[in-house]
Amino acid sequence: MTHTIDTPSGLEALGARIRDARTITIMTGAGVSAASGVPTFRGDGGLWRSFRAEDLATPEAFRRDPRLVWEWYDWRRSLIASCRPNPAHDVLAQWSRRDGVTLITQNVDGLHELAGSRDVIRFHGSIWQLRCAGGCGTASQPWDDRQVPLPTLPPPCPRCGGHARPGVVWFGEAIDTDVLSRCLDATACDVFLSVGTSSVVHPAAGLIARAKAHGAYTVEINPELTDTARYLDLAVALPAEQALPALRVWEDWRSPGGSGHES
Ligand code: BV8
């Protein structure tokens, strides 16, 4: 039976449970960056030119019209470049300094790293990385490119001159095997928090069920209840930027200065 909390004042017990946990795994989605101004995928106003992510974030769309797909990514990169971490990112950056904490994100925006989180497991890659679309030998070695806007669309692969592609995982593409293995291992934890995700996209959406099967205490932080309700011990129906600071898990929580936010 899922217990629901919808006011910050009811979070003490969860804060204490997290403080006392030996291992904590957090998986975040687009909702954690919403307060930073990064549009979510399936929320209002989150879509671009009425396209759906599922229509553009695919190898087929890229093969059909690489320029259109790159216009979408270049637009997102330009938008994200002006976004800063919010208190949700800042609190998770503080937590990630503790032993036993694993942070997995489905987001490709890099805001967890900007807030100071270390060793972020990027389940779907990074919008700030490119890799050769032609597999000229650099196919598995992405490179960083933070230019906004990009000077040429599609950008060229510096090695073969063919098209580069965004260093993200598209629909129909497999998750990196090492990344997936680390995430599956991390579901064997005391507390699993799913923060700001609609839990629609697999295999990421399946991690909470595995954590539950491992005996983890499972929590969702999302103003909307998602389909994972059947795996939840606790639903926190609050925005992440309110709920995470309100947990006051480690009283010495201070914004690490990366984003200047107070709780
Ligand atoms: C694969 C990178 C196999 C690109 C992304 C099983 C069942 C059903 C379907 C499948 C399945 N297995 C596979 C599939 C197919 C597919 C899939 O899941 N389709 C879905 C749409 C049905 N999955 C795949 O294709 C995956 N690959 O399975 O490969 C394979 C195996 C071997 C060999 C070959 C192939 C790959 C999927 C990866 C897709 N790439 N992103 C890019 O970003 O451009 S997914 C994309 O969606 C983003 O990464 C995003 O993170 C992710 C999930 O979305 P959310 O983060 O949840 O965002 P959303 O807008 O949906 O929700 C936001 C939530 O936040 C809402 O609930 C809202 O209420 C909440 N919120 C809002 N504000 C706040 C908040 N919460 C807290 N605080 C707030 N302030």
Worksheet item: Name the pairs: first residue in segment 52-72 and more than 13 Å from His163 (Cα to Cα) and small (Gly, Ala, Ser), second residue outside any helix (DSSP H, G or I) and more than 9 Å from the ligand (Cβ to nearest atom), Cβ to Cβ under 8 Å, at least 6 apart or on different chains?
Response: Ala53/Leu47
Worksheet, complete the sentence: Residues of segment 62-88 being out of contact with any Leu (no Cβ under 8 Å at 6 or more places or on another chain), buried (at least 17 other Cβ atoms within 10 Å of the Cβ) and of a type in the set (Lys, Arg), in sequence order, are Arg76
Practice prompt. Starting from segment 1-12, keep only residues that are in the same structural domain as Lys212 (by TED's automatic domain parsing) and of a type outside the set (Phe, Trp, Tyr), then list their pairs with residues that are surrounded by fewer than 13 Cβ atoms within 10 Å (Cβ to Cβ) and outside any strand (DSSP E or B) whose Cβ atoms are within a distance under 7 Å, requiring at least 6 positions of separation or different chains.
Written response: Thr2/Ala229
Practice prompt. Just give me the residues in segment 19-32 being surrounded by 21 or more Cβ atoms within 10 Å (Cβ to Cβ) and either outside any strand (DSSP E or B) or more than 10 Å from the ligand (Cβ to nearest atom) (or both), in sequence order.
Written response: Ile24, Thr25, Ile26, Gly29, Ala30, Gly31, Val32
Discussion item. Within segment 134-148, does at least one residue satisfy the condition of being of a type in the set (A, V, I, L, M), surrounded by fewer than 18 Cβ atoms within 10 Å (Cβ to Cβ), under 15 Å from the mean Cα position of the chain (by Cα) and within 20 Å of Asn107 (Cα to Cα)?
Written reply: no
Item to complete: Check off (1) in contact (Cβ under 8 Å) with a residue 60 or more places away in the chain; (2) more than 16 Å from the chain's Cα centre (by Cα); (3) part of a strand (DSSP E or B) for Pro154 and give me the number that stays unchecked.
Response: (3)
Response to the item:
Filtering segment 107-134 down to residues that are away from the ligand (no atom under 12 Å from the Cβ) and among the small types (Gly, Ala, Ser) yields Ala115, Gly116, Ser117, Ala133, Gly134
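If you check Leu79 against the conditions, is it part of a helix (DSSP H, G or I) and under 23 Å from Gly125 (Cβ atoms)?
On the way: part of a helix (DSSP H, G or I): yes; under 23 Å from Gly125 (Cβ atoms): yes.
Here the answer is yes, as Leu79 does meet what is asked.
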Response to the item:
Within segment 200-217, residues surrounded by fewer than 23 Cβ atoms within 10 Å (Cβ to Cβ) and either under 19 Å from Leu244 (Cα atoms) or more than 16 Å from the ligand (Cβ to nearest atom) (or both) come out as Lys212, Ala213, His214, Gly215, Tyr217
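Please go through segment 1-31 and give me each residue that is farther than 14 Å from Thr218 by Cα and small (Gly, Ala, Ser), ordered by number.
Ser9, Gly10, Ala16, Gly29, Ala30, Gly31
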Worksheet item: Among (1) part of a loop (DSSP other than H, G, I, E, B); (2) more than 22 Å from Glu241 (Cα to Cα); (3) of a type in the set (S, T, N, Q), where does Ser117 come up short?
Response: (2)
Worksheet item: Residues in segment 97-109: is at least one assigned by TED's automatic domain parsing to the domain that holds Asp185 and in a helix (DSSP H, G or I)?
Response: no
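The values are calculated or read from the model by the stated rules, or taken from the named source; none is laboratory data. Please read these numbers as outputs of a predicted model, since none were measured by experiment. Cβ: placed from backbone, ideal geometry, glycine included. Neighbour counts: every protein chain shown.
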